[in-house]
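Contents: one structure, followed by commentary.
The values are calculated or read from the model by the stated rules, or taken from the named source; none is laboratory data. Being a predicted model, the structure only gives us computed values, none of them experimental. In this analysis, Cβ positions are derived from the backbone assuming ideal geometry, glycine residues included, and neighbour counts consider all displayed protein chains.
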Amino acid sequence: MLDLPPLVDHHCHGVVRGDLGLGSFEPYLTESNAPAAPGTTFFDTQTGFAVRRLCPPLLGLDAHCPSAHYLARRRELGAYESCRRLLRGAGIGTFLVDTGLPGDLTGPGELASAAGGTAHEIVRLESLAEQVADTSGTVEGLLANLGEAVHSAAATAIAFKSVAAYRHGLALAPEPPGPGEVRYAAGRWLAGRESGGRLTDPVLLRHLLWSAVATGLPLQLHTGFGDPDLRLDQADPALLTEFVRATAGLGTELVLLHGYPYHRQAAYLANVFPHVHTDVGLALTHTGARASAVLAEFLELAPFGKVLFSTDAYGLPELYVLGARLFTHALGRLLDEWVAEGAWSAADAERVASMIAAGNARRIYRLPDGG
């Protein structure tokens, strides 16, 4: 049994504030935007089975109880009390929260209060640019306001994040775009954009990445699987190799999120580039009973001082429980095996587990002890 410090969840999102029935609960169990197969629900997945195994005891029910009983108990307790019990049962002490998703979601402060922990904000670059564009009528105004917005965000945020993998793919030219390219791209985006229009222009995406690099804050990059907006083959972290080379030595730590099914490529990049770090994020939540197999593949090559823990939980407090419990169970199972085989000492296993659970994140994001 591992003796872990409170986990640092270095990448997550807010949870919904209201009560949920089956129809509004189960879409959060999948990355799909389509209904489940006829005659089934998304509880019929590794994620759904893990919810029924790990979450009912935190709400006073037996593990593996029917989903209808679980959701009835959830409604009986109410959204806030259910959220409080689940978050406090996850074992997470610090939350780094990406606030760039739409919807009625809890902010970092609310999440920390419910969990009895601490929280910090991660600013999503593309969402920030879209907010700026909504109030900027000219190219000059957009670029000036965007520069100021990134600078202001850097004063309070713990990190930046990019979802360029969704908006264009990771096969971007690695160098910073020139001023003329940026002005032309900004003009084209403004001219064709209605309020709320998404940023997909590769030149502006590169401009955002390099603007974030210039602040010196850690930069998170979505890689690997996600919802259907994404083309999976364009989210392979190996496509970032030249960008990684171009940012070496500049003082900005790059953090590759999720990776799956390209988690071995992410591990390779962390192995060979000093400023690259990585996690498997929500892959463990979605692989459920196979989480230890995925984590074992990831740890084949990734240096242990480069590996971070995250849940990528979104919408449901249950996903924090799954991300944390599946991670700690998978890591404990692997390390117990390696110690029993004589490959690792027990002392090394405990030290590495503590690094991955919290220590690496505290160092990379410059977090104070206990905060």
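With the structure loaded, tell me whether V213 is in contact with a strand residue (DSSP E or B) (Cβ under 7 Å, 6 or more places away or on another chain) and free of Cβ contacts under 8 Å to residues at least 60 places away in the same chain or whether it fails that test. Criteria met by V213.
Please give the helices (runs of 4 or more DSSP H) falling wholly within the range 174-268 in which 2 or more residues are among the β-branched types (V, I, T). In the range 174-268, 202-215, 241-247 are the helices (runs of 4 or more DSSP H) which contain 2 or more residues that are among the β-branched types (V, I, T).
Go through the residues of the range 342-353 one by one and say whether even a single one is in a helix (DSSP H, G or I) and closer than 15 Å to G91 by Cα. Yes, the range 342-353 has at least one match.
The number of residues in the range 41-93 being closer than 15 Å to A313 by Cβ and either touching a residue at least 60 places away in the same chain (Cβ under 8 Å) or hydroxyl-bearing (S, T, Y) (or both) comes to 15. Criterion applied to F309, F273, F298, F304 was being surrounded by fewer than 20 Cβ atoms within 10 Å (Cβ to Cβ), modelled with pLDDT of 95 or more, closer than 18 Å to H222 by Cα and in the same structural domain as G224 (by TED's automatic domain parsing), and the one residue passing it is F273. The set of residues in the range 1-21 being surrounded by fewer than 15 Cβ atoms within 10 Å (Cβ to Cβ) and out of contact with any helix residue (DSSP H, G or I) (no Cβ under 6 Å at 6 or more places or on another chain) consists of M1, D3, R17, G21.
Does at least one position in the range 191-198 carry a residue that is over 22 Å from G251 (Cβ atoms) and among the hydroxyl-bearing types (S, T, Y)? Checking the range 191-198: at least one residue is over 22 Å from G251 (Cβ atoms) and among the hydroxyl-bearing types (S, T, Y).
Results for (1) in a helix (DSSP H, G or I); (2) out of contact with any Ser or Thr (no Cβ under 9 Å at 6 or more places or on another chain); (3) outside the structural domain of E253 (by TED's automatic domain parsing), shown as yes or no for each residue.
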| site | (1), (2), (3) |
| --- | --- |
| L2 | no, no, yes |
| D44 | no, yes, yes |
| L61 | no, yes, yes |
| A72 | yes, yes, yes |
| V97 | no, no, no |
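Does Y320 qualify as being of a type outside the set (D, E, K, R), out of contact with any His (no Cβ under 6 Å at 6 or more places or on another chain), in a helix (DSSP H, G or I) and free of Cβ contacts under 8 Å to residues at least 40 places away in the same chain? No, not satisfied.
Quick check on my filter: what residues within the range 189-226 are in contact with a helix residue (DSSP H, G or I) (Cβ under 8 Å, 6 or more places away or on another chain) and more than 22 Å from A159 (Cα to Cα)? Of everything in the range 189-226, those that are in contact with a helix residue (DSSP H, G or I) (Cβ under 8 Å, 6 or more places away or on another chain) and more than 22 Å from A159 (Cα to Cα) turn out to be W189, L190, R193, S195, G196, G197, D201.
May I ask you to verify whether G315 is assigned by TED's automatic domain parsing to the domain that holds A112, buried (at least 16 other Cβ atoms within 10 Å of the Cβ) and in contact with a helix residue (DSSP H, G or I) (Cβ under 7 Å, 6 or more places away or on another chain)?
yes
Just one of the listed residues (R366, R362, R290) is out of contact with any Cys (no Cβ under 9 Å at 6 or more places or on another chain), more than 28 Å from L239 (Cβ to Cβ) and assigned to a helix (DSSP H, G or I), and it is R362. L240 meets each of the listed conditions (1) over 18 Å from F304 (Cβ atoms); (2) of a type in the set (A, V, I, L, M); (3) surrounded by fewer than 23 Cβ atoms within 10 Å (Cβ to Cβ) apart from (3).
Within the range 134-165, the set of residues being of a type in the set (S, T, Y), surrounded by fewer than 20 Cβ atoms within 10 Å (Cβ to Cβ) and not in a loop (DSSP other than H, G, I, E, B) comprises S152, T156.
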